[in-house]
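A quick write-up on the structure given underneath.
What follows is calculated from the coordinates using simple rules that are stated; it is not laboratory data. Only a predicted model underlies this, so the values are computations on that prediction, with no experimental measurement involved. Neighbour counts are summed over all protein chains in view; Cβ atoms, including those assigned to glycine, are modelled from backbone coordinates with ideal geometry.
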2 protein chains.
Amino acid sequence: MDDPFVIVGGDAAGMSAASKAKREDPDLEVIVFERGEWVSYAACGMPYHVKGTVEELEDLVAVTPEEFREQRDVDLRTGHEVVAIDREAKTVTVDADGDRFEQPYGTLLIGTGARAIEPPFDGVDLEGVFTLRSMDEADAIESYVTERDPETAAIVGGGYVGIEMAEALVERGVDVSIFEMLPRTLQPFGEETARTVEDHLRDQGVDLHLETAVQGFSGDDRVERVDLEDGSSPAELVVVGVGVAPSVELAEAAGIELGPTGAIATDEYGRTNAENVFAAGDCAEATNVVTGDPDHVPLALTANRAGRAIGTTVAGDPTPTGGTAGTAIVKAFDLGAARTGLVDSERAREAGFAPLSVTIEAPTRPHYYPGATDLAVTLVADRESERVLGASLVGEEGTKRIDTVATALHAELTVPELQNLDLAYAPPFSPVWDPILTAAKVLNGKLADD
Amino acid sequence: MDDPFVIVGGDAAGMSAASKAKREDPDLEVIVFERGEWVSYAACGMPYHVKGTVEELEDLVAVTPEEFREQRDVDLRTGHEVVAIDREAKTVTVDADGDRFEQPYGTLLIGTGARAIEPPFDGVDLEGVFTLRSMDEADAIESYVTERDPETAAIVGGGYVGIEMAEALVERGVDVSIFEMLPRTLQPFGEETARTVEDHLRDQGVDLHLETAVQGFSGDDRVERVDLEDGSSPAELVVVGVGVAPSVELAEAAGIELGPTGAIATDEYGRTNAENVFAAGDCAEATNVVTGDPDHVPLALTANRAGRAIGTTVAGDPTPTGGTAGTAIVKAFDLGAARTGLVDSERAREAGFAPLSVTIEAPTRPHYYPGATDLAVTLVADRESERVLGASLVGEEGTKRIDTVATALHAELTVPELQNLDLAYAPPFSPVWDPILTAAKVLNGKLADD
């Protein structure tokens, strides 16, 4: 019998690969080593457990370990940590319950994910200071809120985890402050969208501190304050959400190449530079469909898709992992904000484009049909080629329309082409000119005048 | 001074062209002849006036005649009917208030629209029998419901006008029957979507009669019954909505070529075969982006876009009118139904494709996030090229996702490409795999097995 398909990490990429490989080739032995106890869980749902929307943490689990083992015939071993890869011997070294053993592999998938970045703040080990890196941590925050009933919370970082946690904690009756080092929140969403979200956060009672560096946390036993450059702010609960970094130590130690983003470099099939070793998910790069360059977009769909493609490839049908447009959407209280492609002008210039952008506001339904709200659309294109580069949307409804632009990015459509899309119209659903088309019309006019 | 840009018909295509031409070339004289009194109104909103959602009929007017005249400097002449075109002399003959005059044109746009098809039913002239072809008729239906308070209504035709009117009349407390000659409603939406809508119509109390030919209407003075092959059905109000036919008499009499669909043939700029004569909107053909053939899709966006493009062209900047994917969306009580491209297998085969389709049901949000409903996605592709040919969606929410497939059709994406789109995911908005992606995955598997 051939050596098995061994997978390191039992989350989105790993479990998608395991399931798909077994489905396509039931004779293939598939072993997954997961160092924790949770597998295949919806990390993006964790803030909604804290908020109370998702009552049981277990509800976030898509497929249970038992289902993987019994129904999908995957040899899933939780509590097993892979500590080394031997590329020559084609083995991994596994620690479990104090034991250590070598496991040979025919093919290896590294799906080690990403970890929450933890800046070296003073007092980061105080009780009541959390990141949101794992199911256990989500559970711990939820319990802390229930048991300690904090009056104040500080969120460090104004990215989407920070904003989702702000919503969750306000819902739980906590006074929330957000501390963001940069001049604005939601960096990848562009200034126009970020400003709208920031105004809305303030309207919801969130105390938003931009360009504010946190020094650390202090308190007796438990956290009581966030310490700033000048002064401090009360915080009986702290959530640090300043981003994630790919977990690449295992790969790096085995001499597997990292890419320019610091994540594991892969080809279009998810292969690393090591023979029969793949990488996927938050630890790996993916190709940005706009720039054509390697990118690190640690999001769920990218991980699921790459895992699934690699599972198919390992089962004998070579399948590209697909690129990323960096499409993302976030709920911020009553608003949605979405983005895709290159929104930031500076990043677009770095990628060799000459960006031109517009921001328009258009209703999500005709003026005469009740319930229309304004959707702000920022659309970015290249002046020379007129190619669409990216977009950002913000509004109370309709932000899933970002998918139209994401599709346009994959197809490398120009603004005149985007403007000519035959999108769906009926009064209960859209104005005649969908807001995306209105933005394209305005940007097209600006390109013509340029 | 040059001869003016003359436009026949003051609705979507005509007024879009007039406005855009004046904006781009303020020196251009633009004359619009409209035989009625209403211009630039949202015909698609008319059922919602009958329903009561849109209180004032005037609310459906996007731009008033005064605004066109005063703010946009368009010489708009309502109550003026163009009765002939002289291509040699480059003039049109206009009737107004019993007077007749000749108007020279430099460029002519025919935007005569479409008229409701009125089968030669017995009793079609009885009081209480309506079509929904004009604002006046919408007003008349609304008044009739208010004044006569009918207990029963019959709708002839199960297309989207019929379904929207059913919803409107049920809301007004009327018992509604729909009579459809064919074995199903919503022909262009495909069988799966139509069946779901039909079940829902019945759940809402609509008495749905498929494969039922109406013979005529009878009653003393006012309509009281719909007469069928065997027997009759009470109906104190009748709305005939069996489709529209392009109004091409004026063009045809001038020797302007019609296309295979019976609408006016145009090139990619909306030009007819007559010198300096354009046609746009419900009277004209547009190119189907899937088949590449001329198509007749009498919908608002196609009309608005073609009018706008022709206005730009006439002002000196040649601009293609853009193709149509036949994208449409309709509300049926609590459901939305949407379609784009080629959904019907027979039509796909006629166009030279070898269609393969799947229908899947997927939730609009993850299972753990409240409020998810099922969206049924029918996706059709060509077996050989794997190109996406069309789709139909039905569900309580999320049907605007059809835009993703419409965009894919314009870009001629294949199913593997559709499957690899980076669409937006966060629990409040979508599952990790958007229902469109799930359908693409399943269809891709079926193509591989084929």
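Give the average, rounded to an integer, of partner chain Cβ atoms located within 10 angstrom of each Cβ in A:398-406.
Other-chain Cβ atoms within 10 Å of each residue's Cβ, averaged: 6.
Counting only other residues whose beta carbon sits under 13 Å from that of B:Val405, what net charge do I get with K and R as +1, D and E as -1?
Surrounding charge for B:Val405 is -2.
What ³J(HN,Hα) values, in whole Hz, does the Karplus curve 6.51 cos²θ - 1.76 cosθ + 1.60 give for the stretch B:30-40 when θ = phi - 60°, with x put for Gly and Pro?
With coefficients 6.51, -1.76 and 1.60, one gets 10, 10, 10, 9, 10, 6, x, 10, 8, 10, 6 Hz.
Under a 10 Å cutoff between Cα atoms, tell me which one of A:Ala42, A:Ala251, A:Ala96 has the largest fluctuation in the Gaussian network model of chain A.
A:Ala96
Just tell me how shielded B:136-149 is by partners: mean number of partner chain Cβ atoms within 10 Å of each residue's Cβ, no decimals.
Shielding by partners across B:136-149 averages 0.
Sorting check: for A:265-271, A:400-406, B:13-19, A:217-223, which peptide has the highest mean count of neighbouring beta carbons within 10 Å, and how do the rest follow?
The peptides rank, most packed first, as B:13-19, A:400-406, A:265-271, A:217-223.
Placing one identical point scatterer on every Cα of the stretch B:118-242 and ignoring solvent, what is log10 I(q)/I(0) from the Debye formula at q = 0.17, 0.22 Å⁻¹?
The Debye formula, applied to the Cα set alone, gives -0.80, -1.34.
What lysines could a cross-link reach from A:Lys22, if we take a straight Cα to Cα line under 27 Å and drop same-chain neighbours fewer than 8 places away?
In chain and number order, the partners are A:Lys90, B:Lys441, B:Lys446.
What does the net charge come to around A:Val277 if you take all other residues with beta carbon closer than 14 Å to its beta carbon, with K and R at +1 and D and E at -1?
Net charge around A:Val277: -4.
Taking the mean number of other Cβ atoms within 10 Å as a proxy for protection, how do you rank A:70-81, A:117-128, B:279-290, B:239-250 from highest to lowest?
Going from most to least packed, we get B:279-290, B:239-250, A:70-81, A:117-128.
In a GNM of chain A with a 10 Å cut-off on Cα contacts, which of A:Thr146, A:Thr312, A:Thr185 has the highest mean-square fluctuation?
Between A:Thr146, A:Thr312, A:Thr185, it is A:Thr146 that shows the largest mean-square fluctuation.
Karplus couplings for the stretch B:111-119 from phi (6.51 cos²θ - 1.76 cosθ + 1.60, θ = phi - 60°), rounded to Hz, Gly and Pro as x?
Running phi through 6.51 cos²θ - 1.76 cosθ + 1.60 with θ = phi - 60° gives x, 7, x, 9, 10, 5, 6, 10, x Hz.
Output the relative contact order of chain A, whole-number percent, from Cα pairs under 8 angstrom with separation of 6+ residues.
So the answer I get is 14 percent.
Restricting to DSSP H runs of at least four residues, report the calculated mean residue ellipticity at 222 nm for chain B, -39500 (n - 2.57) per run over all residues, nearest 500 deg cm²/dmol.
-7500 deg cm²/dmol
Calculated FRET efficiency, A:Asp125 and A:Gln204, Cβ-Cβ r, R0 25 Å, to nearest 0.05?
It comes to 0.20.
Would you mind putting A:372-382, A:342-352 in packing order, based on average other-beta-carbon counts within 10 Å, highest first?
A:372-382, A:342-352
Can you give me the relative contact order of the stretch A:337-449 as a percent, contacts being Cα pairs under 8 Å and 6 or more apart?
30 percent
To one decimal in nm, how far is B:Glu252 from the same spot in the other copies, if labels go 7 Å from Cα toward Cβ? Please give the shortest first.
Those separations, rounded to one decimal, come out as 7.6 nm.
Other chains near A:337-347: what is the mean number of their Cβ atoms within 10 Å of each residue's Cβ?
Going residue by residue through A:337-347 and averaging, the value is 1.
In debye to the nearest 20, how big a dipole does chain A give about its Cα centre with +1 on each Lys and Arg Cβ and -1 on each Asp and Glu Cβ?
It comes to approximately 1520 debye.
Quick one: net charge of B:Ala84's neighbours, Cβ under 11 Å, K/R +1, D/E -1?
Summing Lys and Arg as +1 and Asp and Glu as -1 gives -3.
Assume the label is 7 Å from Cα along Cα to beta carbon: what separations in nm does A:Glu81 have to the matching positions in the other copies?
A:Glu81 label point versus its equivalents elsewhere: 8.7 nm.
Going 7 Å from Cα along the Cα-Cβ axis for the label, what nanometre distances separate B:Lys446 from the same residue across the other copies?
4.2
Can you tell me which lysines have their Cα less than 26 Å from the Cα of A:Lys51? Leave out same-chain residues fewer than eight positions away.
Cα-Cα hits under 26 Å: A:Lys331, A:Lys400.
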